[in-house]
Amino acid sequence: MRDGTEMDFDGLREETASAVGESGKTQSEIARELDLHRSAVSRAVKESGPRVQKIQRRVLRHLTPYRVEQRTYFKAQRED
């Protein structure tokens, strides 16, 4: 991941899985350090979507030098 990287939910999952794999720590160790259940960390590396994005952001903040911000965009299009 680089500074300014934009991701969708799948990209967030991929970055989380990569960070966990490169950390050299087990999912149980990461869960303990973040006061989470191991299953939550497991879901964070396997699932995509709004239900797991907060945990993924916490894991990335813990394991990398990056803070991942959530931004929501709305786009209006004229109906013809």
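One line per residue, one yes/no per condition, for (1) loosely packed, with under 13 Cβ neighbours inside 10 Å; (2) of a type in the set (A, V, I, L, M); (3) farther than 20 Å from residue 73 by Cβ:
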| position | (1), (2), (3) |
| --- | --- |
| 4 | yes, no, no |
| 22 | yes, no, yes |
| 31 | no, yes, yes |
| 34 | no, yes, yes |
| 42 | no, no, yes |
| 45 | no, yes, yes |
**Prompt:** With respect to residue 15, is the statement that it is open to solvent by 70 Å² or more (accessible area, probe 1.4 Å) and either in contact with a Ser or Thr (Cβ under 9 Å, 6 or more places away or on another chain) or assigned to a helix (DSSP H, G or I) (or both) true?
**Reply:** no
**Message:** So, in segment 57-80, how many residues would count as being open to solvent by less than 60 Å² (accessible area, probe 1.4 Å) and more than 15 Å from residue 28 (Cα to Cα)?
**Reply:** 3
**Asked** Can you name the residue in segment 7-21 that is of a type in the set (A, V, I, L, M, F, W, C) and in contact (Cβ under 8 Å) with a residue 40 or more places away in the chain and is also farthest from residue 71 (Cα to Cα) among such residues?
**Response** 20
**Prompt:** When segment 56-80 is examined, which residues are found to be outside any loop (DSSP other than H, G, I, E, B) and out of contact with any Ser or Thr (no Cβ under 8 Å at 6 or more places or on another chain)?
**Reply:** 57, 58, 61, 62
**Complete:** Considering segment 22-49, residues that are over 18 Å from residue 64 (Cβ atoms) and in a loop (DSSP other than H, G, I, E, B), and then whichever is modelled with the lowest pLDDT, we arrive at 49
**Request:** Being within 21 Å of residue 4 (Cβ to Cβ) and of a type in the set (A, V, I, L, M) is the filter here, so list the residues in segment 24-80 that pass it.
**Result:** 59, 60, 63, 68
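The values are calculated or read from the model by the stated rules, or taken from the named source; none is laboratory data. All of these numbers come straight from a predicted model, not from anything done at the bench. Neighbour counts run over all protein chains shown; Cβ positions are idealised from the backbone, glycine included. Note: areas computed on protein heavy atoms with side chains; ligands, DNA, RNA excluded. Shrake-Rupley method; radii C 1.70, N 1.55, O 1.52, S 1.80 Å.
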